[in-house]
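Shown next, in structure tokens, is the structure this report addresses.
Every number here is computed from the coordinates shown, using simple stated rules; none is lab data. Keep in mind that this is a model prediction, so the values were computed, not measured. Please note: Cβ atoms are built from the backbone with ideal geometry, for glycine as well, and neighbour counts cover all protein chains shown.
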Amino acid sequence: MEKTEHELRVQLAACYRIFDHMGWAEMIYNHITVKLPGNDHHFLINPYGLHYSEVTASNLVKVDIDGNIVEDTQYSVNPAGIVIHTAIHAARPDVACITHTHTTAGMAVACSENGLRNDNFYSALLHNRVAYHDFEGITVIDDEKPRLVANMGNKGLLILRNHGLLACGRTIPEAFMNQWSLERSCEIQVACDASGQAIIPVPDEVLKKSEKLMSMQAQGQPAGELEFAAFTRIIDKIDPSYKD
């Protein structure tokens with residue numbers, strides 16, 4: 001059943017707190033958005049100026065598909081987040097939630113010429129699931145939207161070259177799980193490279209098998225529900241004020 005706006009507000013606020021708990025917050029920057037039910041094409045985004053640890057269900061900002069704020073609020077929204085998120089929400093009706101990070105490991109891989117290699121447990125599971133978009137500077141110009149959408153295609157994961165990571169999902173938990181998988185893939189790759197040891201390649205037949213299995217899984221219910229619920233319980237113990 002489709003969640004109500006209030007339920008989505010609480011779940012999205014929890015997601016911001018989880019990202020902070022994971023060390024994925026970037027000062028007052030970056031964004032996680034969720035599409036709201038109905039035909040108005042509205043979505044929720046974090047208030048510009050607040051740290052992820054300050055985000056609550058009630059201070060999330062509702063915007064339309066063009067990025068205009070559609071309800072009374074004391075907050076503004078970050079133009080960079082608006083360009084990326086409006087572009088994807090408008091072009092991908094299958095996407096309900098979009099996450100974006102600037103983690104050290106994620107940016108390191110985004111800055112590397114070859115991007116993410118499929119040679120560790122997690123990255124092998126992402127074989128042929130990751131798209132790339134070249135860096136065009138701060139994403140505040142609408143002109144970039146068509147290229148961003150074209151480069152992403154029908155993929156659910158996007159590495160913004162020289163910039164950071166982006167993940168999508170049919171639900172907030174699925175987007176969280178996709179982001180986590182991409183983050184772990186990058187962390188392990190960076191750690192392997194730092195070791196100076198030769199990397200054991202994953203055979204093509206294993207990558208193809210992994211891709212097939214992940215594709216079969218994607219046809220079912222959205223992933224990440226159990227994982228997201230577990231982290232929400234952790235956040236509840238730390239600070240349940242996100243529900244306010």
Fill in the blank from the handout: Fewest-first ordering of T4, T171 by Cβ atoms within 10 Å yields T4, T171
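Taking a ≥ b ≥ c as the square roots of the eigenvalues of the Cα gyration tensor of the stretch 48-187, is the shape rounded (a/c under 1.5), prolate (a/b larger than b/c) or oblate? Don't skip to the end; give the middle numbers.
Working: a/c = 1.76, a/b = 1.55, b/c = 1.14.
Prolate.
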Exercise for the section: Quick one: compute the contact order of the stretch 5-236, relative version, from alpha carbon pairs under 8 angstrom and 6+ residues apart, as a percent. Expected result: 20
Practice task
Compute the separation of the alpha-carbon centres of the stretch 208-228 and the stretch 118-140 and state it in Å as a whole number.
Solution key: 18
Practice task
On a C-alpha basis, how far is the centre of the stretch 147-188 from the centre of the stretch 86-113 in Å? Whole number, if you could?
Solution key: 5
Exercise for the section: List the aspartates and glutamates whose Cα lies under 20 Å from the Cα of K209, skipping any in the same chain that are fewer than 8 positions away. Expected result: D119
Practice task
Within 10 Å, count the other beta carbons around each residue, average over each peptide in 227-237, 65-75, 180-190, and list them highest first.
Solution key: 180-190, 227-237, 65-75
Practice task
Under a 10 Å cutoff between Cα atoms, tell me which one of V61, V34, V206 has the largest fluctuation in the Gaussian network model of the chain.
Solution key: V206
Practice task
Would you kindly state how much longer the chain becomes between N162 and F121 on full extension, computed as 0.36 nm times their sequence separation minus their alpha carbon distance, in nm to one decimal?
Solution key: 12.4 nm
Exercise for the section: Evaluate the distance, in nm, between pseudo-label points positioned 7 Å from the Cα of I65 and of L213 along their respective Cα→Cβ axes. Expected result: 3.8
Completion exercise
For K212, counting only lysines whose alpha-carbon sits under 16 Å away and dropping same-chain residues fewer than eight positions off, the answer is K155
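Taking the stretch 16-131 on its own, what percent of its Cα-Cα pair distances exceed 23 Å?
Tail fraction, whole percent: 37.
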Completion exercise
Excluding residues fewer than 8 positions from K3 in its own chain, the lysines with Cα under 17 Å of it are K35, K62, K243
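Which percentage, to the nearest 5, of the DSSP beta bridges contained in the chain is antiparallel? Can you show the working numbers first?
On the way: 19 of 23 bridges.
So the antiparallel bridges amount to about 85 percent of the total.
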